[in-house]
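Report on one structure; see the data block that follows.
The values are calculated or read from the model by the stated rules, or taken from the named source; none is laboratory data. Keep in mind that this is a model prediction, so the values were computed, not measured. Here Cβ is always computed from backbone atoms with ideal geometry, including for glycine, and neighbour counts include all displayed protein chains.
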Ligand code: PGA
């Protein structure tokens, strides 16, 4: 059985509070921590709660640094579908983080390979990620590490699978506009984080969440690599935990 800390959330606001507790604990212990951040629907309650706690005066982001998991290739920062735009809108513009301390891969970089190398170098220069926030894709991806025959270790350019493009189409005017490529931290980059906070919500994620932690580690289910990480906290709602609850009641 994997060593797994599971925090059960009652609703989206509770998901936000439980996740924000994990982030807040780190920020209080280490005001200049390096947060690994994620986009998508899943972390929105976390960002809402972090903004609230900042507004209430209980969190200070002035020394915090952040690196995001991934970014689409070919979308400029001011494109509303870019992850830079998402982070501005949902978190950065509401808090007192120094913009120079918030890094996201540049999907418009003329030399994408050099951009990936620089991203890794920046993370290393900042002494590694203290806490990496993750969602999980329906196909088991973490960041944009898609199912593949092997794990790709470091930050790289990746081709998005059709299932991921379809899942993300809801944010775009039509399927043609969904980018085909992204820059993503590699599986090794993610595994190097000192702590992982995986957030998961909704019954449609129940099957992949169970598979990730209770099937053999397999690059075709990229999140399964987290079984090898020593410090994983999962915040999930009842829907997402339904299958784990049924098959492995001793874990919850
Ligand atoms: P979602 O995406 O939060 O929008 O479901 C998660 C992911 O694809 O990692």
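For the reader, a short list of remarks on this structure follows.
- Single match in 74, 36, 57 (criterion: assigned to a loop (DSSP other than H, G, I, E, B) and touching a residue at least 60 places away in the same chain (Cβ under 8 Å)): 74
For every residue, the table says whether it meets (1) out of contact with any strand residue (DSSP E or B) (no Cβ under 7 Å at 6 or more places or on another chain); (2) more than 28 Å from residue 80 (Cβ to Cβ); (3) modelled with pLDDT of 95 or more; (4) within 15 Å of the ligand (Cβ to nearest atom).
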position: 110; (1), (2), (3), (4): yes, no, yes, no
position: 117; (1), (2), (3), (4): yes, yes, yes, no
position: 121; (1), (2), (3), (4): yes, yes, yes, no
position: 166; (1), (2), (3), (4): yes, no, no, yes
position: 171; (1), (2), (3), (4): yes, no, no, yes
position: 193; (1), (2), (3), (4): no, yes, yes, no
position: 201; (1), (2), (3), (4): no, no, yes, yes
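- Taken over the stretch 152-188, the criterion of being under 16 Å from residue 116 (Cβ atoms) and in contact with a helix residue (DSSP H, G or I) (Cβ under 7 Å, 6 or more places away or on another chain) is satisfied by 152, 153, 154, 155, 156, 157, 183, 187.
- Of all the listed residues (31, 45), the sole one being closer than 23 Å to residue 184 by Cα and either away from the ligand (no atom under 16 Å from the Cβ) or not in a strand (DSSP E or B) (or both) is 45.
- Residue in the stretch 226-233 that is at pLDDT 95 or above, more than 16 Å from the ligand (Cβ to nearest atom), part of a helix (DSSP H, G or I) and surrounded by fewer than 23 Cβ atoms within 10 Å (Cβ to Cβ) present: yes
Here's the yes/no breakdown for (1) touching a strand residue (DSSP E or B) at 6+ places or on another chain (Cβ under 8 Å); (2) at pLDDT 95 or above; (3) farther than 30 Å from residue 33 by Cβ; (4) assigned to a strand (DSSP E or B):
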residue	(1), (2), (3), (4)
196	yes, yes, no, yes
206	no, yes, yes, no
212	yes, yes, no, no
216	no, yes, yes, no
240	yes, yes, no, no
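- Residue match in the stretch 129-145 (condition: within 16 Å of the ligand (Cβ to nearest atom) and out of contact with any helix residue (DSSP H, G or I) (no Cβ under 8 Å at 6 or more places or on another chain)): yes
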